[in-house]
Amino acid sequence: MLELNETKKALFTIGVGAFGKMSELIKNTDYLPQKPGYFFKLLKMSYSVDTKPNEMTEEIGKDAATVAAVLNIPAIEQNYQSVNKKDVANAINKLEKDFIQSSLEIDLAKKYHNAVAQRLGSADLKESWRLSIRAAIIAKAIAKWVNYKDAEQAFFTALLADIPAIVLSINDPEAQEKIQDKIEKGLSSVEAEMVVLGFDHREFGAKLFKYFSMPSSVIDVVQNGYNSEKVRSQNIQLTKIANFAKFLAKCFSDRTQSPSSIWTESQDSIEGLGLSLSTEEWGNKISLLFVKSLEFEMSVTQ
């Protein structure tokens, strides 16, 4: 009979109860937005050139909170049943499509921000979440650069990249302390999670996102740790977009970086995405993207 080392013994012992532990953690997520499928649909409609104004208005009108956010009238949410729906429809129809897009992006990101921001204890996770907010709007822009048809998936794949780790930290802080201790002793984060929990944040993220009926593409990316070499072929581009967005978000937070230095460090990602850009085009795009990402972060977190 094979002798098990201490790590394998721990994995075997904890793994027996890992599924139940994971289910318990997932069920205790009432603080997260409960209708991500609706959010995905709304954002997809707002990005599509084929969506008719009345279709967009009808879909927005199904949720009082979304109506209040798009019209920037908070009181509507509490009094929606008594509001004249024709007046609401007329008000939404008068809005520019770009304004509706921006309102939805901010509102959807803010829902997740309000759910997790006050619960984060780790400075690293707080910073990681802040970068995820920036990465979301960056991913949307990159998706447009490369004509990726599902820009809403790029937005959410970047935004939610660290949500599995965040939920684990919030729902089981004692386990996170043990994981951090093992990381400091030399284990990788995945190894430490496996030893302490019996599963890692990638597996947990896949189960969590399935529970919330996220698109299969997003689940695939999360389950494979944002590794473009492991995801299904149809999700390779999505993974590359999300990773490039996360990289740019970090660069934008580094004061030592400049458009030229980011350009140099981005060559592999630019080539991998099939982008053809001159240095002048890059400078214009990256400068505008920096401003937009900062504005978006401030709009979400204020």
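The values are calculated or read from the model by the stated rules, or taken from the named source; none is laboratory data. These numbers were taken from a predicted model, which means no experiment stands behind them. With ideal geometry, Cβ positions are generated from the backbone for all residues, glycine too; neighbour counts draw on all protein chains shown. Heads up: the accessible areas ignore ligands, DNA and RNA and are worked out on the full protein's heavy atoms, side chains in. Shrake-Rupley method; radii C 1.70, N 1.55, O 1.52, S 1.80 Å.
Quick notes on this structure:
- Within segment 92-108, the set of residues being crowded, with 16+ Cβ neighbours inside 10 Å, among the hydrophobic types (A, V, I, L, M, F, W, C) and assigned to a helix (DSSP H, G or I) comprises 92, 100, 104, 106, 108.
- Only one of 62, 44 that is open to solvent by 20 Å² or more (accessible area, probe 1.4 Å), in contact (Cβ under 8 Å) with a residue 60 or more places away in the chain and at negative phi: 44
- Looking across segment 218-248, the residues that are part of a helix (DSSP H, G or I) and over 22 Å from residue 128 (Cα atoms) come down to 233, 234, 235, 236, 237.
- Residue 250 touching a residue at least 40 places away in the same chain (Cβ under 8 Å) and either surrounded by fewer than 21 Cβ atoms within 10 Å (Cβ to Cβ) or more than 13 Å from residue 163 (Cβ to Cβ) (or both): yes
- Take the conditions (1) assigned to a helix (DSSP H, G or I); (2) surrounded by 12 or more Cβ atoms within 10 Å (Cβ to Cβ); residue 32 misses just one of them, which is (1).
- Residue 182 being modelled with pLDDT of 95 or more, crowded, with 17+ Cβ neighbours inside 10 Å and out of contact with any Asp or Glu (no Cβ under 7 Å at 6 or more places or on another chain): no
- Residues located in segment 273-302, provided they are farther than 26 Å from residue 109 by Cα, loosely packed, with under 15 Cβ neighbours inside 10 Å and not polar (S, T, N, Q): 274, 280, 281
- For residue 177, the conditions (1) open to solvent by less than 50 Å² (accessible area, probe 1.4 Å); (2) within 17 Å of residue 126 (Cα to Cα) are fulfilled apart from (1).
- Just one residue in the set 197, 160, 208 is of a type outside the set (Gly, Ala, Ser), crowded, with 22+ Cβ neighbours inside 10 Å, within 14 Å of the chain's Cα centre (by Cα) and farther than 22 Å from residue 134 by Cα; that residue is 208.
- Segment 212-224, subset touching a residue at least 24 places away in the same chain (Cβ under 8 Å) and open to solvent by less than 70 Å² (accessible area, probe 1.4 Å), residue nearest to residue 31 (Cα to Cα): 212
- Selection from segment 18-29 of residues that are surrounded by 14 or more Cβ atoms within 10 Å (Cβ to Cβ) and among the basic types (Lys, Arg): 21
- All positions within segment 63-112 that are acidic (Asp, Glu) and within 25 Å of residue 32 (Cα to Cα): 63, 77, 105, 107
- Within segment 18-66, the set of residues being at pLDDT below 90, within 18 Å of the chain's Cα centre (by Cα) and farther than 22 Å from residue 155 by Cα is empty.
- Any pair with Cβ under 8 angstrom, 6 or more apart, that starts in segment 276-302 at a residue that is outside any helix (DSSP H, G or I) and ends at one that is surrounded by 12 or more Cβ atoms within 10 Å (Cβ to Cβ) and of a type outside the set (Asp, Glu): 277/270; 277/285
- Count of residues meeting criterion [of a type in the set (Gly, Ala, Ser) and either outside any helix (DSSP H, G or I) or within 18 Å of residue 31 (Cβ to Cβ) (or both)] in segment 196-211: 2
- Residue check for residue 69: crowded, with 19+ Cβ neighbours inside 10 Å, touching an Asp or Glu at 6+ places or on another chain (Cβ under 6 Å) and among the hydrophobic types (A, V, I, L, M, F, W, C): yes
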